[in-house]
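**Student:** Quick one: the structure is below, and I'll ask about it shortly.
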């Protein structure tokens with residue numbers, strides 16, 4: 001027994017954890033915690049070393065490309081153009097806005113866990129980014145009922161960066177303010193204060209032009225029209241609440257419609273409820289292509305078409321950073337720890353679980369090469 005205590009004390013000292021009284025024997029749980037801490041320390045070292053190697057390889061590759069461009073005599077032409085591709089694209093390609101408004105209804109804070117709130121705020125960021133990058137963006141994105149935990153979360157991220165999002169509005173009130181006092185179809189002339197001396201008109205819309213998008217609706221959306229307002233329910237609930245948005249639309253006396261997923265994606269094996277940003281990106285893609293089939297196939301994650309076992313039966317899931325970027329709902333379904341170049345992904349289950357369901361794996365976003373990690377318990381989360 002004394003040898004075991006000595007060994008645990010050595011583990012504690014190497015992991016940076018203060019040693020306990022050597023005269024008091026440690027329980028098995030205490031010994032396991034110390035061992036986990038030691039493995040976590042080693043795991044961090046391995047991950048940092050891997051990330052360092054990847055950064056060096058990337059710098060070397062870029063340097064060789066520049067040297068080759070210079071040797072080929074394209075340094076001032078194609079070389080420069082390639083290095084400023086992103087900036088050049090935004091400067092030279094004119095935007096063609098689609099004159100419709102999308103509203104994200106954030107009035108569901110009380111129905112989500114803290115992990116789901118975090119997942120939702122990530123989806124909101126992806127939504128804004130998609131609209132900014134689109135060749136045919138919506139003229140306005142309005143976020144309503146921002147008055148609870150989602151608001152607190154957004155305020156804490158990057159010095160409330162959401163306030164600087166372009167072509168967006170944020171309301172504490174619900175979306176029904178759009179037509180309040182305007183049931184006759186006339187738009188109001190309300191103004192709201194900005195951070196500067198100027199004021200801008202507050203968004204408004206005739207009630208009969210507002211459509212709530214929900215998978216529970218009996219009507220199918222056939223096309224988007226300029227001058228209309230489309231509401232997306234801002235909730236990450238993994239389909240726990242049936243008819244939630246549908247009932248809300250009925251209570252306010254507005255139309256509802258569902259995306260034509262069943263018509264164009266009949267082979268979809270999993271649930272047909274999508275994340276906020278996926279729904280938004282499908283709308284953007286339809287505006288660009290005028291094709292529901294193309295819009296749905298380009299946005300719905302390919303993994304949803306596979307005839308897999310139900311998620312609750314799976315014991316191990318491997319997801320790359322690219323998959324998470326395409327489908328942020330994954331963040332809500334899996335326990336995820338971002339780690340530089342890769343992402344540590346644990347088995348599915350309760351977001352508050354202790355990672356007991358299976359091994360964690362880090363995937364390189366570039367080539368999906370597996371990065372050594374160790375088991376899930378070593379993460380110490």
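The values are calculated or read from the model by the stated rules, or taken from the named source; none is laboratory data. Since we're looking at a predicted model, the values are computed, not measured. FYI the Cβ positions are ideal-geometry reconstructions off the backbone, even for glycines, and counts take in every protein chain you see.
**Student:** On the basis of being more than 30 Å from residue 114 (Cα to Cα), modelled with pLDDT of 85 or more and out of contact with any helix residue (DSSP H, G or I) (no Cβ under 9 Å at 6 or more places or on another chain), does residue 226 make the cut? Before you say what the answer is, go through the steps one by one.
**Tutor:** Working: more than 30 Å from residue 114 (Cα to Cα): yes; modelled with pLDDT of 85 or more: yes; out of contact with any helix residue (DSSP H, G or I) (no Cβ under 9 Å at 6 or more places or on another chain): yes.
Against the criterion (more than 30 Å from residue 114 (Cα to Cα), modelled with pLDDT of 85 or more and out of contact with any helix residue (DSSP H, G or I) (no Cβ under 9 Å at 6 or more places or on another chain)), residue 226 qualifies.
**Student:** Scan segment 207-219 residue by residue and report those that are modelled with pLDDT under 95 and under 26 Å from the mean Cα position of the chain (by Cα).
**Tutor:** 214, 215, 216, 217
**Student:** What number of residues within segment 248-275 satisfy the criterion of being more than 24 Å from residue 141 (Cβ to Cβ) and modelled with pLDDT of 90 or more? Break it down into steps so the answer makes sense when it comes.
**Tutor:** Going through segment 248-275, the residues more than 24 Å from residue 141 (Cβ to Cβ) turn out to be 250, 262-271.
Keeping just the survivors that are modelled with pLDDT of 90 or more gives 250.
Total satisfying the criteria: 1.
**Student:** Can you tell me which residue in segment 126-140 is surrounded by the fewest Cβ atoms within 10 Å (Cβ to Cβ), limited to those that are over 14 Å from residue 95 (Cβ atoms) and touching a residue at least 12 places away in the same chain (Cβ under 8 Å)? Give the steps one after another, and end with the answer.
**Tutor:** The first filter runs over segment 126-140 and keeps only residues over 14 Å from residue 95 (Cβ atoms), leaving 126-129.
Those still in the list that are touching a residue at least 12 places away in the same chain (Cβ under 8 Å) too: 126-128.
On the way: 126: 19, 127: 27, 128: 21.
Taking the candidates together, the pick is 126.
**Student:** On the given criteria, is residue 150 surrounded by fewer than 20 Cβ atoms within 10 Å (Cβ to Cβ) and assigned by TED's automatic domain parsing to the domain that holds residue 167?
**Tutor:** On the way: surrounded by fewer than 20 Cβ atoms within 10 Å (Cβ to Cβ): no; assigned by TED's automatic domain parsing to the domain that holds residue 167: yes.
No: the conditions fail for residue 150.
**Student:** Of all strands (runs of 3 or more DSSP E) completely enclosed by segment 137-206, which ones contain at least 2 residues that are at pLDDT 90 or above? Quick ask: steps written out before the conclusion?
**Tutor:** Numbers: elements: 138-144, 168-170, 191-193, 199-201.
Where strands (runs of 3 or more DSSP E) fall fully within segment 137-206 and carry at least 2 residues being at pLDDT 90 or above, they are 138-144, 168-170.
**Student:** Say whether the condition of being modelled with pLDDT of 95 or more, within 24 Å of residue 109 (Cα to Cα) and either surrounded by 19 or more Cβ atoms within 10 Å (Cβ to Cβ) or not assigned by TED's automatic domain parsing to the domain that holds residue 179 (or both) is met by at least one residue in segment 285-304.
**Tutor:** The answer is no, given that none of the residues of segment 285-304 is modelled with pLDDT of 95 or more, within 24 Å of residue 109 (Cα to Cα) and either surrounded by 19 or more Cβ atoms within 10 Å (Cβ to Cβ) or not assigned by TED's automatic domain parsing to the domain that holds residue 179 (or both).
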